[in-house]
Amino acid sequence: MTGTGLVVVAVVLVAASAFGLVRARRDGKLRTGRRDAGLRLSSGELGESLGDRATLVQFSTSLCATCPGTRRLLSDVAAGTPGVRHVEIDAEERLDLVRRAEVMRTPTVLVLDHTGHVVRRASGPPTRAEVVSA
């Protein structure tokens, strides 16, 4: 292999490692974001009423390996927290909501306040502690 080839391989390995580390650090973390500013989902759009305190909206697909675990987690949190509801959206059937909410992967979890405004978002499966604290 030539010197140039070795440099290219080294650059690709460093870039891939950096991407993997950033993604691992952000995966499943509930955070606020500018893209969610002003995004509001109504009970009519979700097909269910909003929670009095919060609504946990999960976007899932049939091929998502971590979606069933996320569903159980969010259902448990909602069942154990007064005023919190869990709504699961099939991303394959509701492309209109997927586009509006800018969902790029599943599971994506949105935490809505009692009026339907998005206050937190997680791409990937969140932890129980993060969901409860949100």
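Considering only protein heavy atoms and a 1.4 Å probe, what is the carbon-and-sulfur percentage of the accessible area of the range 29-133?
Whole-percent figure for carbon plus sulfur exposure: 51.
Which length gain, in nm to one decimal place, applies between residue 114 and residue 40 when the Cα-Cα distance is subtracted from 0.36 nm times their residue separation?
Gain on stretching residue 114 to residue 40: 25.6 nm.
Taking a ≥ b ≥ c as the square roots of the Cα gyration tensor eigenvalues, with a/c under 1.5 meaning rounded and otherwise prolate when a/b beats b/c, else oblate, which class fits the range 29-133?
Rounded.
Would you kindly derive the ³J(HN,Hα) couplings of the range 46-60 from the backbone phi angles with the Karplus curve 6.51 cos²θ - 1.76 cosθ + 1.60 (θ = phi - 60°), listing them in order in whole Hz, with x for Gly and Pro?
Computed from phi, the couplings for the range 46-60 are 7, x, 8, 6, 7, x, 5, 9, 7, 10, 9, 9, 10, 9, 10 Hz.
Just to confirm the filter: which trypsin sites (Lys or Arg not before Pro) across the range 102-134 are DSSP coil and have at most 15 other Cβ within 10 angstrom of their Cβ?
105
Counting only heavy atoms of protein chains, what accessible area per residue, in Å², does the range 29-133 have with a probe of 1.4 Å?
Accessible area per residue, the range 29-133: 52 Å².
Could you give each residue of the range 70-85 its phi-based ³J(HN,Hα) in whole Hz, using Karplus coefficients 6.51, -1.76, 1.60 with θ = phi - 60°, and x for Gly or Pro?
5, 4, 4, 4, 5, 5, 4, 5, 5, 5, x, 10, x, x, 10, 10
Quick one: which residues, 5 or more positions from residue 85 or on another chain, have an amide H under 5 Å from its amide H? H modelled 1.01 Å from N in the peptide plane, none for Pro or chain starts.
Under 5 Å from the amide H of residue 85: 51, 54, 55, 56.
The values are calculated or read from the model by the stated rules, or taken from the named source; none is laboratory data. The shown structure was predicted, so the numbers you read here are calculated from the model rather than taken from an experiment. Backbone-built Cβ (ideal geometry, glycine too); neighbour counts: all protein chains shown. Protein only, heavy atoms only, side chains kept; ligands, DNA and RNA dropped before computing areas. Shrake-Rupley method; radii C 1.70, N 1.55, O 1.52, S 1.80 Å.
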